[in-house]
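Quick notes on the structure that follows.
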Amino acid sequence: DQLGRMWLASYKNGVAMCLESMTNFKSLPIGDINTITEDREGYYWIGRNDGGIIKMDPETLEPVERFTKQSLGVPSDIIVGSYTAKDGSLWFGTYEGGILRYKNGGWTNLRTTDPGSALVTNNIWGVTEDRWHRIWIGTLGSGVQRFDPKTGKWQTWNTSNSILPANYMTSIGWIKKGWLVVGHGWYYSYIQPLTGKVANRIFPDDPNLTVTPSNTVCVIEDSRGLIWQGS
């Protein structure tokens, strides 16, 4: 580039920048990564696509612990989503393995096969938390669910009981007005966390859009209140 730096694009291992006078830019060959969250002590928890979870020391860039389906006794090593809750607990969404929760040094696995479970699927794409400390999950094929860790109660939004236009959730987060925003197979939707009201958003017809962006991969709000949708 114009500053004399060399940029290298690699297969499945991100982008690296090379500059002779710069030594603090490093790429770590630890596999295909789907999600990362930082705990309250500053450690990175890295969810891999095929190898469970790695707890990483950001200072040494060395793994502190590794957690796999063999060591935890859980069904899946495919970690898709993660979130650090306000109480310090860590939540991980898995593909075909339900939800993993790490709290006070111990692991809990929430699955549809648990006695009395209201979890509708073991395919959890994304995890987040609202201001009342309830956990929200976006599922792959079964809509959105909310879990209250204090009461153990679940609530579900899907195409059968709400106006959600799709059940395959690919993105989950919050906008500044306090609504949940979820991306899915037909643009994106908002959910009001207190009333449960759903509001769907689609793009108007525009000849300048050369692609059909209905299948959302991610949706976020910027500092100006504008919504960005990756399709």
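List of remarks:
- In order along the stretch 215-231, the phi-based Karplus estimate (6.51 cos²θ - 1.76 cosθ + 1.60, θ = phi - 60°) of 3J(HN,Hα) comes to 7, 7, 9, 8, 8, 9, 10, 8, 5, 8, x, 8, 9, 10, 10, x, 10 Hz; Gly and Pro are listed as x.
- With coordinates expressed along the principal axes, the C-alpha atoms belonging to the chain extend over 58, 53, 28 Å, beginning with the largest.
- On the beta carbon distance between residue 87 and residue 227, with R0 = 41 Å, the FRET formula returns roughly 0.90.
- Computed E for residue 205/residue 177 - FRET, C-beta separation, R0 25 angstrom, nearest 0.05: 0.40
- Share of carbon and sulfur in the accessible heavy-atom surface of the chain [1.4 Å probe, %]: 51 percent
- Each principal axis of the Cα cloud of the stretch 81-203 was evaluated for its coordinate range; sorted largest first, these ranges are 45, 29, 22 Å.
- Amide H contacts for residue 218 (H built 1.01 Å from N in the peptide plane; partners 5 or more residues away or on another chain; cut-off under 5 Å): 230.
- Of the chymotrypsin sites (Phe, Trp or Tyr not before Pro) found in the stretch 78-148, those in coil by DSSP whose Cβ has at most 13 other Cβ atoms within 10 Å are 132.
- Relative contact order of the chain, pairs being alpha-carbon contacts under 8 Å that are 6 or more residues apart, as %: 8 percent
- Residue by residue, the stretch 195-203 carries 3J(HN,Hα) couplings of 8, x, 5, 10, 10, 8, 10, 10, 8 Hz when phi is fed to the Karplus relation 6.51 cos²θ - 1.76 cosθ + 1.60 (θ = phi - 60°); x denotes Gly or Pro.
- Take the stretch 108-153 with all the other protein chains still there, run a 1.4 Å probe, and you get 45 Å² of accessible area per residue.
- HN-Hα J in Hz across the stretch 95-108 - Karplus 6.51, -1.76, 1.60, θ = phi - 60°, x for Gly and Pro: 9, 6, x, x, 10, 10, 10, 10, 8, 6, x, x, 10, 10
- Full extension of the chain segment joining residue 155 with residue 3 gains 49.4 nm, where the gain is 0.36 nm per residue of separation less the Cα-Cα distance.
- Extension gain (nm, one decimal) between residue 15 and residue 59, 0.36 nm per residue minus Cα-Cα: 13.8 nm
The values are calculated or read from the model by the stated rules, or taken from the named source; none is laboratory data. Just so we're clear, the structure is a prediction, and the values are computed from it rather than from any experiment. No Cβ is skipped: glycine too gets one built from the backbone with ideal geometry, and neighbour counts run over all protein chains shown. Please note that ligands, DNA and RNA were not included when accessible areas were found on the heavy atoms of the full protein model with its side chains. Shrake-Rupley method; radii C 1.70, N 1.55, O 1.52, S 1.80 Å.
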